[in-house]
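Below is one structure, written out as structure tokens; comments come after it.
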Amino acid sequence: MNIRQYLPAAVFLGALVAVQLVISLTGAAFYFTQITMSFYYTIVVIGLCLLMGYAGQISLGHAGFFSIGAYMQAMLTTHDFSSIIHSSWDEVFKNVSQIFGTVEWYELIPEKIGAILGIPVKLFVGLGDIFGMFVPGTDGFGNGILSYAPSAALFISLLTAIGIACLIGLPVLRLKGHYLAMATLGFGIIISTIVFGTKLFGEADGISRVPAFHLVGPLSINGGMADRTVNYYIAGIILFIVLIVSMHIVASRVGRALRAIHGNEQAAGSLGINAMRYKLGVFVLSALFAAIAGVFLVHYNGSIGTSETSVLKSVRYVSIVAAGGMDSIWGVVAMSMGLNFVSLRGYFGSFDEIFFALILVVTMLFLPRGLFRKEYLEVVIKKTRRLTRRMVLKRKLEKKGIVFANKKKDDEK
Amino acid sequence: MSDAVILEAQGLNKHFGGLHAVRDVWFSVQKGKIKSIIGPNGAGKTTLFNLLSGAIPADSGRVMFKGELISSKKPYAIAALGMARTYQTTRLFEHMTVLENIMAGRHIKTKAGFIASALRLPWTLREESDCKKKSRELLTFFSLGEFIDETAQNLAFGIKRKVECARACALEPDILLLDEPAAGLNIYETKELSQLICRIRDLGITILLVEHDMSMVMDISDEILVLNEGAVLAEGLPREIQKNPDVIRVYLGEDEC
Ligand SMILES: Nc1ncnc2c1ncn2[C@@H]1O[C@H](COP(=O)(O)OP(=O)(O)OP(=O)(O)O)[C@@H](O)[C@H]1O
Ligand SMILES: [Mg+2]
């Protein structure tokens, strides 16, 4: 449609290559790790930017969706499913603990209900086996295991995140303002608690030994030194796709409906806009973005820890969106890349979380519309343009021998 | 078919705590006409609009629109059936431009959803440029062309009123509910608005108007409904209402006392 619309995207791609070249040429390849991780975190932030900046709905639970993606992916690709695959239906009913044995709170579930719960699990895993979703691997002790292939796990993880987002979003998005903030905060805490209390998810230790995710040909998502540059590009391209999709949505009928809901929900309703549907849609989309980031980052890092589920992470995402300018995607991306990189390099030391909380407070107090605003840029451009035009004019006139007296002196006369 | 009923209120009631804001209101609006609702402050006119458009639920009574029962429907569904409205205090999308406001008004006339928009399918681009073209035409109809790229929050009060009216018309509704569109306008603007309302009517859009400006109401209305303390006090042609002693007593006579 409009070529100029894609200009920032082109700049992004150019910067992607330029940064890679600079880093490779200066031999500072260790920077790639933090930049790559920042790319993934930025995907979470973009989703939140759509939800908060455009639709005007807050979420303090997006670390939860990130964790659902990351933990599901890690669990599915590292857990040994062979016992479930090989257990007969008889065993499913008789010895359910074999299936649920790794879930600590399973003991709280009455045996009969547990047996019934075993059926869908056995069915699901069995079906996956038929479709060849499992690949052999080894656990930490060198024993052979059967786990989901990363590509199969990807679909299951993302669908889980979408499903949970729908279930949570439907009741929660009826709330407004700080009620919505508190409800989503509660959701984040619940996810964090479940992860902490479930053996399947490694409890306080998290999950490690997540295998590499082979994409096509030699491309593979992993944290190995050899693949550092490739992974920088893979993450950059995934972020790029998320950016393009988000830009398209923002500039479409859907984006308009979201902003209308943000502007005045009742007026939007009187125009035939089904606010609940759009709010749910953008909530699920932002949850999906967060889960996508989680899924890929867990393969890149090779592990996931409980700190990712923390509410402080959710606060961090929100503060980045606020500081980046809420409804300016590129501002938010720039802010996210900068802050995440600096934070991951450890420049904030033990003040990391405090720093992000501080950013939130300072932004809300002094720059409620964020740091990177188009308006600010426009003012600067206008001023410099006026200045240069005046200077050019002055020089032209001076050439013709007309000298301008200073305006102030004129006035004094 | 000119006297076909398009909108009908059947015994509407609404209480706010102990206040009976709308009492057993029956009336109907004929297709293609301009019907006005007048009444002193607090008579329940806005509340009645909210009941008709589904913004608040009625305690009892029914609303029929184009032969369909709409009283239990959500506002967005009622709007999609062809009912548009404006608000007593304008409710524009302040951070959007005038054009974007109008295009948002064409929501039900367009289809692109999340997935089609994300992928920017070719038909969504066609739909978008068509929507933009129709919105521009509408702005020209409302003589708002010069404000097209202005952000709504920067507009003068009178212009905001007009933009809100244009946004409601963007739905291409069958009926348009206007809540005090002339409030805060000067005489010239009011006169222009009267003409505009007649032109909208000429497009085939039925109009239900709440207004305090008597000369305007008497001028353009085909029929008038008078509300007082939530109940219907009188209903009839403008000249009948002007002569009605009850109306003169509670409403028109107020100034003379
Ligand atoms: N949401 C509400 N809660 C409580 N009382 C309300 C509410 N909305 C309206 N009322 C009351 O109902 C009565 C009717 O109000 P309404 O706004 O419908 O009057 P109106 O005829 O539109 O008046 P005006 O000419 O001032 O706009 C008023 O007494 C008002 O205070
Ligand atoms: Mg009113």
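The values are calculated or read from the model by the stated rules, or taken from the named source; none is laboratory data. All of these numbers come straight from a predicted model, not from anything done at the bench. Reconstructed Cβ throughout: ideal geometry from the backbone, glycine too, with neighbour counts over all protein chains shown. What goes into the accessible areas is simple: the full protein's heavy atoms, side chains included, and nothing from ligands, DNA or RNA. Shrake-Rupley method; radii C 1.70, N 1.55, O 1.52, S 1.80 Å.
Summary of values
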| quantity | calculated |
| --- | --- |
| Some residue of the range A:254-272 being in contact with a Ser or Thr (Cβ under 7 Å, 6 or more places away or on another chain), of a type in the set (Val, Ile, Thr) and either away from every other protein chain (no Cβ under 13 Å) or on the phi > 0 side of the Ramachandran plot (or both) | no |
| Odd one out for residue B:185 among (1) closer than 29 Å to residue B:20 by Cβ; (2) within 16 Å of ligand 1 (Cβ to nearest atom) | (1) |
| Elements of type helices (runs of 4 or more DSSP H) in the range B:39-115, at least 3 residues being of a type in the set (S, T, N, Q) | B:45-52 |
| Restricting the range B:214-231 to residues that are within 16 Å of ligand 1 (Cβ to nearest atom) and surrounded by fewer than 19 Cβ atoms within 10 Å (Cβ to Cβ), the residue that is farthest from residue B:8 (Cα to Cα) | B:214 |
| Checking residue B:44 against (1) on the phi > 0 side of the Ramachandran plot; (2) free of Cβ contacts under 8 Å to residues at least 24 places away in the same chain, the condition it does not meet | (2) |
| Pairs with Cβ under 8 Å, 6+ apart, first in the range B:100-120 and more than 7 Å from chain A (Cβ to nearest Cβ), second small (Gly, Ala, Ser) and open to solvent by less than 10 Å² (accessible area, probe 1.4 Å) | B:101/B:152; B:102/B:135; B:102/B:166; B:102/B:170; B:106/B:135; B:106/B:170; B:109/B:170 |
| Selection count where residues are under 22 Å from residue A:237 (Cβ atoms) and surrounded by fewer than 17 Cβ atoms within 10 Å (Cβ to Cβ), scope the range A:335-348 | 1 |
| Hits in the range A:271-280 - residues which are farther than 11 Å from residue B:108 by Cβ and open to solvent by less than 20 Å² (accessible area, probe 1.4 Å) | A:275, A:278, A:279 |
| Filter result for residue B:217 (more than 18 Å from residue B:87 (Cβ to Cβ) and within 16 Å of ligand 2 (Cβ to nearest atom)) | yes |
| Close pairs from the range B:159-180: first at the interface with chain A (Cβ under 10 Å from one of its Cβ atoms), partner open to solvent by less than 10 Å² (accessible area, probe 1.4 Å) and within 16 Å of ligand 1 (Cβ to nearest atom), Cβ under 6 Å, at least 6 apart | B:164/B:86; B:168/B:86; B:177/B:49; B:177/B:208 |
| Test result for residue B:78, touching a strand residue (DSSP E or B) at 6+ places or on another chain (Cβ under 6 Å), under 28 Å from residue A:254 (Cα atoms) and either away from ligand 2 (no atom under 16 Å from the Cβ) or open to solvent by 60 Å² or more (accessible area, probe 1.4 Å) (or both) | no |
| Residue match in the range B:81-98 (condition: within 9 Å of chain A (Cβ to nearest Cβ), touching a residue at least 24 places away in the same chain (Cβ under 8 Å) and open to solvent by 70 Å² or more (accessible area, probe 1.4 Å)) | yes |
| Every pair of residues 6+ apart whose Cβ atoms lie under 6 Å, when the first sits in the range A:298-313 and is surrounded by fewer than 17 Cβ atoms within 10 Å (Cβ to Cβ) while the second is in a helix (DSSP H, G or I) | A:312/A:353 |
| Residues of the range A:125-158 that turn out to be more than 19 Å from residue A:70 (Cα to Cα) and either among the acidic types (Asp, Glu) or part of a helix (DSSP H, G or I) (or both), as a count | 6 |
| Single residue of the range B:17-54 satisfying the filter (open to solvent by 50 Å² or more (accessible area, probe 1.4 Å) and closer than 26 Å to residue A:271 by Cβ) that is farthest from ligand 2 (Cβ to nearest atom) | B:31 |
| Top-ranked residue in the range B:26-66 [being of a type in the set (Val, Ile, Thr) and within 12 Å of ligand 1 (Cβ to nearest atom); ranked as farthest from the other protein chains (Cβ to nearest Cβ)] | B:38 |
| Candidate set: the range B:195-213, residues that are more than 14 Å from ligand 2 (Cβ to nearest atom) and surrounded by fewer than 21 Cβ atoms within 10 Å (Cβ to Cβ); chosen: the one farthest from residue B:185 (Cα to Cα) | B:204 |
